[in-house]
Amino acid sequence: MFSAVFGSVEQGIIYAIMALGVYLSFRVLDFPDLTVDGSFVTGAAVAATMIFFGYHPLLATGVALVIGFAAGCITGLLHTKGKINALLSGILMMIALYSINLRIMGMTSDTSVGRPNIPLFNADTMFSKFQSFWGSLGIDQAINNFFGMLGVKFLPSTWGTLFVMIFITLIIKFCVDWFLKTEVGLAIRATGDNKKMIRSFSANTDTLVIIGLGFSNALVAFSGALIAQYSKFSDIGMGIGMIIIGLASVIIGEAIFGTKTIMRTTLAVIAGAIIYRIVLGLALRIDLLDTGDMKLITAVIVICALIFPQYFEKRREKSRKSKRRAERLLEKNDGLKMEANGVAEIKTHQ
């Protein structure tokens, strides 16, 4: 159980970066961007291809982020300059990226133009390079000894990946928080709330949409690059349903932790991604389910995350109305009593 939860937390932290990208497009910009399913694979494909050719993993991950930004900007251009419907522009870019991703991974093959996957089992990645440094510190043994004394079995071989991903994800979270509080970030938030209003202040909403979608897909591609290095492979189908995973993370986080401030909301999105992966991992341990049911489980989680908050909100609203009704009735009764007492006093004086 502990090992399953640990693996889910590791993956959840990596997918949290993708969820932050989805939050930017869906919540901040109010843009239904389906480019995510394609740009996630693009990040993985670019990073895996460059690592295959011997480039440093950090450089490969950085290039993946830039390519993801470009993909998001193209989606924004299709919508703003091409006047294509927001949903359709994302779908078109997602379809185009499927072939582009095949071409990118096909660069590693001499026999075909396109290639559906790239294994990285014998290649150095960000995680393998960090783990070689982390292992020399002896921290893993100390942590495992501590949990061993608590009676925990099946401990992970290394804690390095978890700690480095917490560090990277928190840095990205604070960067997103800072960006959304800058002049451009505030303008993007205003664009998502009310385009007509922000246009009245002479803001170029087209440029803001393009920048916002570029930033969103840059985070998605960055997450894809990390997942490829974590899983030791890149596959053309690894992005299918990624938008649903991102939405599930956002919805779960917002429902549990709230959205009062930007810092709280981004933290809620990260927590939502971790909770989603834990729930998914525990669900797959049920004997009736297997890995082929992942999409079904995801759909059920999203449905529950959408329905339950509405149900509880209606219950709270009903409770508030009942409380207000009781208070008004009590005030009315107090008023009648005071009036009756006044009449009684008048009669007594007479």
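The values are calculated or read from the model by the stated rules, or taken from the named source; none is laboratory data. Please read all numbers here as calculations on a predicted model, not as lab measurements. For neighbour counting, all protein chains shown are included, and Cβ atoms are generated from backbone atoms with ideal geometry for every residue, glycine included. Remember, those area values only see protein heavy atoms, side chains included, never the ligands or the DNA or RNA. Shrake-Rupley method; radii C 1.70, N 1.55, O 1.52, S 1.80 Å.
Numbers below:
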| read-out | value |
| --- | --- |
| Dipole magnitude of the stretch 203-342 about its Cα centre (Cβ charges: Lys, Arg +1; Asp, Glu -1), debye to nearest 20 | 740 |
| Once exposed loop chymotrypsin sites (Phe, Trp or Tyr not before Pro) are cut out (DSSP; at most 16 other Cβ, 10 Å), longest piece of the chain | 202-350 |
| Shape of the stretch 172-269, Cα gyration tensor, a/c cut at 1.5 | prolate |
| Cβ-based charge dipole, the chain, positive-most Cα from Phe179, Ser231, Ala47 | Phe179 |
| Relative contact order (%) - criterion: Cα under 8 Å, at least six apart; region: the chain | 32 |
| For the stretch 1-102: rounded, prolate or oblate by the Cα gyration tensor [a/c cutoff 1.5] | oblate |
| Apportionment of accessible area to carbon and sulfur, the stretch 1-154, percent (1.4 Å) | 67 |
| Accessible area (Å², 1.4 Å probe, nearest 10) - Ser231 | 40 |
| Percent carbon-and-sulfur accessible area, the stretch 220-265, ignoring ligands, DNA and RNA, probe 1.4 Å | 68 |
| Too-long pairs where the Cα-Cα distance tops 27 Å, listed order kept, from Lys83/Lys195; Lys129/Lys173; Lys81/Lys260; Lys181/Lys323; Lys232/Lys295; Lys81/Lys195 | Lys81/Lys260; Lys181/Lys323 |
| Max mean-square fluctuation residue, GNM over the chain, Cα-Cα springs under 10 Å, options Ile143, Ile166, Ile74 | Ile143 |
| Radius 11 Å from Cβ of Ile91, net charge of other residues (Lys, Arg +1; Asp, Glu -1) | -2 |
| Cα convex hull of the chain - mean projected area over all directions, nm² | 28.4 |
| Å² of accessible area per residue within the chain, as computed with a 1.4 Å probe and no ligands counted | 53 |
| Value of [θ]222 nm, deg cm²/dmol, for the chain, DSSP H segments ≥ 4, -39500 (n - 2.57) each, nearest 500 | -26000 deg cm²/dmol |
